[in-house]
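Chemist: The structure is given below, and queries will be raised subsequently.
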Amino acid sequence: QQKQAKEPAPNVNGRTAYWVTSPANPTYDSGQRILRWQISPTRWAQLLSNRPQGTDLPDDVLLQVAAQAQVEVRPVALPFWVSGLPEGLRPTEAEMIQPAVGTPWAISLGFTADDMGVGFTVAPKGGAFQYGKSEKSCRDEGDFQICATAESDSLPLAERFGGLEALTRMVHTTGLDQRQWTTEVIR
């Protein structure tokens, strides 16, 4: 797991903001730039800009996008739910990835405990989605591929709960029809 550091950024709408950097890897944000800013006393938002190689999106553009972002709390329907989550494992992030229109999508949920993290990624079967963690275990269910992922240094967390393969069995799918998707994702 790559250590992250904070580099001060101008405030966003009068609230604290910072850039995510990696002192151990100066090219950490090569191709991407990450801005995090506080949206309430207990909540933060993150803007991730993926830049194609050879292009440069100025930081002030990212700051403008962040300042205009509308952040609200509302349930989002997903094509799966997670049950039997072990106590102490808490959700920390959710992400829908679709690199370009017409390409396969994937939805990832990240969980942490004891400074280690594991994740679930659900994508339509045959999408050839590339998983970004060093360790993974996948299985198919219906029209989906379900993978549990972790960096090598987080495998002890996965092993505590039966390993990555066991974690995939905590994920249950609803089907590709969006009318069947659920907002009760953690049960």
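Readers should treat all values here as calculations from the given coordinates under stated rules, not as data from a laboratory. This is a predicted model, so every value here is computed, not measured. Positions of Cβ are backbone-derived with ideal geometry, glycine not excepted, and every protein chain shown enters the neighbour counts.
Chemist: Go ahead and set up a Gaussian network model of the chain, Cα springs under 10 Å, then flag whichever of LEU63, LEU155, LEU109 fluctuates most.
Modeler: Comparing LEU63, LEU155, LEU109 in the GNM, the peak value goes to LEU63.
Chemist: Rounded to the nearest 500, what is the chain's calculated 222 nm mean residue ellipticity when only DSSP H runs of at least 4 contribute -39500 (n - 2.57) each, over all residues? Mind dumping the intermediate values first?
Modeler: On the way: 3 runs with 22 residues, N = 187.
Only helices count here, giving -3000 deg cm²/dmol.
Chemist: Still on this model: Taking only the alpha-carbon atoms of the chain, what semi-axes of the equivalent ellipsoid follow from 5 times the gyration tensor eigenvalues under a square root, in whole Å, largest first? Walk me through the intermediate numbers first.
Modeler: On the way: eigenvalues 170, 78, 64 Å².
Taking √(5λ) for each Cα gyration eigenvalue gives 29, 20, 18 Å.
Chemist: In the stretch 55-97, which GluC sites (Glu not before Pro) are in a loop and have at most 10 other Cβ atoms within 10 Å, using DSSP for the loop call? Please report the intermediate quantities before stating the final value.
Modeler: Working: sites: GLU72, GLU87, GLU93, GLU95; in loops: GLU72, GLU87.
Qualifying residues, ordered by number: GLU72, GLU87.
Chemist: Take the Cα atoms of the stretch 81-123, build their convex hull, and give its volume per residue in Å³. Could the numbers behind the result be given before it?
Modeler: On the way: hull volume 3.0 nm³, N = 43.
Roughly 69 Å³ of hull volume per residue.
Chemist: With a cut-off of 8 Å between alpha carbons and a minimum separation of six or more residues, what is the relative contact order of the chain in percent?
Modeler: On the way: 330 pairs, mean separation 32.7, N = 187.
Here the relative contact order equals 18 percent.
Chemist: Just PRO75, PRO58, PRO91 to compare: in a GNM of the chain, with alpha carbon springs under 10 Å, which one fluctuates most?
Modeler: Its mean-square fluctuation being the largest, the pick is PRO58.
Chemist: Take the Cβ-Cβ distance between TRP19 and ASN50 as r, set R0 to 22 Å, and report the resulting FRET efficiency rounded to the nearest 0.05.
Modeler: Values: r = 15 Å, r/R0 = 0.68.
Step by step, r from the Cβ atoms, then E = 0.90.
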